[in-house]
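Here's the structure we're looking at; comments come further down.
The values are calculated or read from the model by the stated rules, or taken from the named source; none is laboratory data. Keep in mind that what you see is a predicted model, and the values were worked out from it rather than measured. Please note: Cβ atoms are built from the backbone with ideal geometry, for glycine as well, and neighbour counts cover all protein chains shown.
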Amino acid sequence: MTGRQFLRGRTALLTGSTDGLGFALAEALAFAGCHVMLNGIEPAASVEARRTALEQRAGVSVGYCEVSVAEECGVAALIEATHRQFGTLDVLVNNAVVRHFAPIVDFPTEKWEAALAVNLSAAFHAIRLALPGMRARNFGRIFNMTSVYGSRGTTNRVDYVTTKAALLGLTRAVALENLDYDVTCHAICPGSVLTPGTDARIRQLMADQELSRAAAEQAFLAGKQPGGRFIPAASVSDLLLFLCGPAARDMTGAQLPVEGGWLASG
């Protein structure tokens with residue numbers, strides 16, 4: 001990572017960033033000097049305390065845009081709101097995601113369409129709309145949050161596996177189309193991070209199988225990260241900050257795993 005506040009004056013937009021890993025990435029960018037636009041579908045009042053606290057702690061401007069990225073018009077409204085509030089968009093993190101658990105023969109078609117819209121098409125539209133400004137300013141850092149399951153299959157998660165794999169192709173295409181600019185595009189591939197969603201699943205394991213917290217975490221991670229521990233959000237955010245800095249100028253189009261050796265074990 002470069003020195004403190006090395007992104008001062010830049011603006012970052014993160015979809016799906018009101019909690020979990022998305023908010024952790026927003027925090028890291030804010031403390032590196034970025035103004036930040038948070039995004040989610042929660043009412044603004046429920047996000048206000050977190051938004052103002054980050055703004056005060058980091059000493060940057062932090063906005064929030066309540067809009068669903070499931071439709072092109074929502075993505076366009078989000079990009080427009082970011083430009084209207086900050087005048088620029090330099091770092092784009094496509095983090096919004098939906099997921100459903102079911103075998104393919106029972107998979108609801110509306111859940112499939114929702115995953116294509118939020119997990120994949122939203123990233124396409126956000127990149128498409130952000131690129132002209134990035135090219136004009138000759139600076140842009142684009143990140144598509146993928147997953148180990150973008151490279152490995154698993155059962156009962158056809159929507160997630162398919163869309164995360166597709167993001168890898170989108171990343172490579174965008175990277176190659178912007179080699180004449182200081183605009184890079186990467187796919188960051190986290191393993192299991194202890195987010196609120198993951199925590200809920202662990203609590204369910206504890207209740208269903210009468211397990212201790214430690215035993216439930218080990219059961220959740222079994223067959224995944226060989227180290228048997230969750231990935232700290234800071235490990236992901238530190239990588240993202242490095243990729244925003246000058247040392248990473250000639251890196252683009254990469255799939256960057258932060259998954260405790262999970263991919264190496266398969």
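From the list 250, 208, which one is more than 20 Å from the chain's Cα centre (by Cα) and closer than 29 Å to residue 137 by Cβ? I'd like the intermediate steps shown before the answer.
On the way: 208 fails: closer than 29 Å to residue 137 by Cβ.
Of 250, 208, the one residue that is more than 20 Å from the chain's Cα centre (by Cα) and closer than 29 Å to residue 137 by Cβ is 250.
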Quiz item: Can you spot a residue in the range 138-149 that is part of a helix (DSSP H, G or I), out of contact with any strand residue (DSSP E or B) (no Cβ under 8 Å at 6 or more places or on another chain), among the β-branched types (Val, Ile, Thr) and under 19 Å from residue 25 (Cβ atoms)?
Solution: no
Self-check item: Given (1) exposed (fewer than 15 other Cβ atoms within 10 Å of the Cβ); (2) touching a residue at least 24 places away in the same chain (Cβ under 8 Å); (3) touching a Lys or Arg at 6+ places or on another chain (Cβ under 9 Å); (4) farther than 25 Å from residue 124 by Cβ, number of the condition residue 197 does not satisfy
Solution: (4)
Quiz item: Taking into account only those residues within the range 37-69 that are touching a Ser or Thr at 6+ places or on another chain (Cβ under 6 Å) and hydrophobic (A, V, I, L, M, F, W, C), which is surrounded by the fewest Cβ atoms within 10 Å (Cβ to Cβ)?
Solution: 41
Self-check item: Test result for residue 123, modelled with pLDDT of 90 or more and surrounded by 18 or more Cβ atoms within 10 Å (Cβ to Cβ)
Solution: yes
Quiz item: All but one of (1) closer than 22 Å to residue 131 by Cα; (2) surrounded by fewer than 14 Cβ atoms within 10 Å (Cβ to Cβ); (3) free of Cβ contacts under 8 Å to residues at least 60 places away in the same chain hold for residue 209; which doesn't?
Solution: (1)
Exercise. Being more than 24 Å from residue 8 (Cβ to Cβ) and touching a residue at least 40 places away in the same chain (Cβ under 8 Å) is the filter here, so list the residues in the range 75-97 that pass it.
Key: 75, 76, 96, 97
Quiz item: Can you find even one residue in the range 150-159 that is at pLDDT 95 or above and at negative phi?
Solution: yes
